[in-house]
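Written out below as structure tokens is the structure these notes cover.
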Amino acid sequence: MSSILTNTSAMVALQTLKSINSNLESVQGEISTGKSIASSKDNSAIWAISKVMESDVNGFKAISDSLSLGESTVAVARQASETVTDLLTQIKGKVVAAQEDNVDRAKIQTDIAALTKQVTSVVNAAQFNGLNLVDGNITTTNTDGNTGIDILSSLDRASDGTVTSSSIGVASQNLSLTAGTSLTTAAANVGTDAGTAGVIDANDGGTNDSIKLDTFAFLDNTGAATGTAALARGTAGLDNTVTTGLMEGDLMTLQVGSTEAQYTVRAGDTAEAIVAGMKSALQASGISATDFTMDIDTVAGELKITNNTNADVAFSFSSSRGSGGLSGLAAIDVSTGAGATAALGSIENLINTSIDASASFGSVQGRIETQNNFIGKLSDSLKSGIGSMVDADMEAASARLQALQVQQQLGVQALSIANQAPQSVLSLFR
């Protein structure tokens, strides 16, 4: 039946053409934007996932910038501490030269003073963007519980969508030469076995007298002095204003007769380590093994020095704390033979302090560099994942475009033919 009121064929052709045009519009959108999912109406679930991943990529870009800044800051500190190590090594050479009797110690001392000033200059200049990790001015506590700074290193997204940040802790290293303050005798004690205070008697009732270096106290991480070993300067909770306990960097000086020895406390030192170090320092300073017997009780942590001579020998002991890890450098004086001998043990400990600082900075710089490389690769992986979800397949889109253009032309022709069908009704009325 033919009808001039209802053209079913035209209606079918029109709907088909609308569908083709809609598909054609979608393909053209893919080609123009390069995305198969350009908005939430295209696929809300995939679009939402891609947007979360894009926000993470932007976050990692900021983290990469933070890591680059942190790496540069640590690199400056590492370079400074390595330079200080080189300068201290030069000072050691001067100290060794001063051990000879036939040298001009005054001129050597002048050279040492100049090198000491250069150490101070390096430490003070070792800042990046106003942050100096080696001058001792940092008081904040980092994520590792040490005095230092934190460098933002990652964003961690849990399965429930919760996001937390992670940081790399950088411990500051105090390489300044700030002078110290005297510690009380509770930090360490020299007790006489018998005789007069400050003197090791030659003989008291037929017995050679002695002194004992013992009764050590160490600062702890609660602000008190109940520890069992020396804590590092940057340890959280340590109160370096407490003078009744020892900590890293404290300088101990023991003089027996004309022999003076110094020992700088290192992180982790126990009483046994300190007395062993002091014994070695006395031996290095040239104490006579015939005149004095030195015995170490490793269990009690004490050094016993016995006078084997027939004369009284004076002794003195002191301990001091410099706020700077290299505070003992200012005390080095090789203008006399005794001073040159004592300086030899001191400079060795100072070099170890700067080496430890360099190693610490080098280790954390390597970690930051590794993390920065990982963040870059992670960002690339996220970008690739986003692309696989929302980017258009241009080859497929091109093929679909051509096919839809042909379908559109055929649809237009089909609609035209369908619209001409009612014209055949006129022939019935001729």
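The values are calculated or read from the model by the stated rules, or taken from the named source; none is laboratory data. Being a predicted model, the structure only gives us computed values, none of them experimental. Virtual Cβ from ideal backbone geometry, glycine too; neighbours counted across all protein chains shown. When the accessible area is computed, the model is the full protein with side chains, heavy atoms only, and any ligands, DNA or RNA have been set aside. Shrake-Rupley method; radii C 1.70, N 1.55, O 1.52, S 1.80 Å.
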query: So which pairs qualify, if the first residue must be in the stretch 344-367 and within 23 Å of GLU260 (Cβ to Cβ) and in a helix (DSSP H, G or I), the second must be open to solvent by 30 Å² or more (accessible area, probe 1.4 Å) and of a type outside the set (Ser, Thr, Tyr), the Cβ gap must be under 6 Å, and the two must be at least 6 apart or on different chains?
result: LEU344/ALA284; GLY345/ALA284; ILE347/LYS92
message: Checking the condition surrounded by fewer than 16 Cβ atoms within 10 Å (Cβ to Cβ), among the hydrophobic types (A, V, I, L, M, F, W, C) and either modelled with pLDDT of 80 or more or farther than 24 Å from SER81 by Cα (or both), which residue from ALA158, ALA126 passes?
response: ALA158
query: Name the residues in the stretch 305-329 that are surrounded by fewer than 19 Cβ atoms within 10 Å (Cβ to Cβ) and among the basic types (Lys, Arg), would you?
result: none
message: Taking the condition of being open to solvent by less than 70 Å² (accessible area, probe 1.4 Å) and touching a residue at least 24 places away in the same chain (Cβ under 8 Å), how many residues in the stretch 414-430 meet it?
response: 7
query: When the stretch 251-278 is examined, which residues are found to be open to solvent by 50 Å² or more (accessible area, probe 1.4 Å) and of a type in the set (D, E, K, R)?
result: GLU260, ARG266, GLU272
message: Every residue in the stretch 324-340 that is among the polar types (S, T, N, Q) and at pLDDT 80 or above, please.
response: SER335, THR336
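Quick one: is VAL57 out of contact with any strand residue (DSSP E or B) (no Cβ under 8 Å at 6 or more places or on another chain), hydrophobic (A, V, I, L, M, F, W, C), touching a residue at least 12 places away in the same chain (Cβ under 8 Å) and under 30 Å from ASP156 (Cα atoms)?
Values: out of contact with any strand residue (DSSP E or B) (no Cβ under 8 Å at 6 or more places or on another chain): yes; hydrophobic (A, V, I, L, M, F, W, C): yes; touching a residue at least 12 places away in the same chain (Cβ under 8 Å): yes; under 30 Å from ASP156 (Cα atoms): yes.
For VAL57, the condition - out of contact with any strand residue (DSSP E or B) (no Cβ under 8 Å at 6 or more places or on another chain), hydrophobic (A, V, I, L, M, F, W, C), touching a residue at least 12 places away in the same chain (Cβ under 8 Å) and under 30 Å from ASP156 (Cα atoms) - is met.
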- prompt: Mind checking whether some residue in the stretch 218-229 is over 30 Å from ASN307 (Cα atoms), touching a residue at least 60 places away in the same chain (Cβ under 8 Å), open to solvent by 20 Å² or more (accessible area, probe 1.4 Å) and under 21 Å from the mean Cα position of the chain (by Cα)?
  reply: no
message: For VAL190, only one of the following conditions fails: (1) modelled with pLDDT under 80; (2) open to solvent by less than 40 Å² (accessible area, probe 1.4 Å); (3) touching an Asp or Glu at 6+ places or on another chain (Cβ under 7 Å). What is its number?
response: (3)
message: Can you find, within the stretch 31-54, the residue that is surrounded by the most Cβ atoms within 10 Å (Cβ to Cβ) among those that are over 44 Å from the mean Cα position of the chain (by Cα) and under 14 Å from MET389 (Cβ atoms)?
response: SER36
field: Residues (exposed (fewer than 11 other Cβ atoms within 10 Å of the Cβ) and touching a residue at least 40 places away in the same chain (Cβ under 8 Å)) located in the stretch 4-30
entry: ILE4
Selection within the stretch 55-111 - open to solvent by 70 Å² or more (accessible area, probe 1.4 Å) and not in a helix (DSSP H, G or I): GLU100, ASP101, ASN102, ASP104
task: Working only within the stretch 223-242, note down all residues that are at pLDDT 85 or above and either under 16 Å from ILE149 (Cα atoms) or touching a Lys or Arg at 6+ places or on another chain (Cβ under 8 Å) (or both).
output: ALA230
field: Unmet requirement for ASP356, which otherwise passes all of (1) open to solvent by less than 40 Å² (accessible area, probe 1.4 Å); (2) within 17 Å of the chain's Cα centre (by Cα)
entry: (1)
Residue satisfying all of: in the stretch 382-413; open to solvent by less than 40 Å² (accessible area, probe 1.4 Å) and among the aliphatic types (A, V, I, L, M); farthest from TRP47 (Cα to Cα) among these: LEU404
- request: Report, ordered by the first and then the second residue, all pairs with beta carbons closer than 7 Å, sequence separation of six or more or different chains, a first member in the stretch 239-250 that is closer than 12 Å to THR226 by Cα and open to solvent by less than 40 Å² (accessible area, probe 1.4 Å), and a second member that is in a loop (DSSP other than H, G, I, E, B) and modelled with pLDDT under 85.
  value: LEU246/ALA188; LEU246/VAL265; MET247/ARG233; MET247/LEU238; MET247/ASN240; MET247/VAL265
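Can you tell me how many residues within the stretch 384-413 are under 13 Å from ASN21 (Cα atoms), without any contact (Cβ under 8 Å) to a residue 40 or more places away in the chain and small (Gly, Ala, Ser)? Show your work before the answer.
First, pick out the residues of the stretch 384-413 that are under 13 Å from ASN21 (Cα atoms): 400-412.
Filter again for without any contact (Cβ under 8 Å) to a residue 40 or more places away in the chain, leaving 402-403, 406, 409-410.
Those left that are additionally small (Gly, Ala, Ser): 403.
The qualifying residues number 1.
Could you please let me know if ASP333 is open to solvent by 30 Å² or more (accessible area, probe 1.4 Å), touching a strand residue (DSSP E or B) at 6+ places or on another chain (Cβ under 6 Å) and farther than 22 Å from ASN124 by Cβ? Give the steps one after another, and end with the answer.
Values: open to solvent by 30 Å² or more (accessible area, probe 1.4 Å): yes; touching a strand residue (DSSP E or B) at 6+ places or on another chain (Cβ under 6 Å): no; farther than 22 Å from ASN124 by Cβ: yes.
Considered against the rule, which asks whether it is open to solvent by 30 Å² or more (accessible area, probe 1.4 Å), touching a strand residue (DSSP E or B) at 6+ places or on another chain (Cβ under 6 Å) and farther than 22 Å from ASN124 by Cβ, ASP333 comes out as no.
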Test: GLY325 is in contact (Cβ under 8 Å) with a residue 12 or more places away in the chain, more than 18 Å from ALA113 (Cβ to Cβ) and under 31 Å from the mean Cα position of the chain (by Cα): yes
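Is it true that some residue in the stretch 355-371 is among the aromatic types (Phe, Trp, Tyr), at pLDDT 90 or above and within 24 Å of MET53 (Cα to Cα)? Give the steps one after another, and end with the answer.
Within the stretch 355-371, the subset among the aromatic types (Phe, Trp, Tyr) is 361.
From what is left, the residues that are at pLDDT 90 or above are 361.
Now restrict to residues that are within 24 Å of MET53 (Cα to Cα): none.
Scanning the stretch 355-371 turns up no residue that is among the aromatic types (Phe, Trp, Tyr), at pLDDT 90 or above and within 24 Å of MET53 (Cα to Cα).
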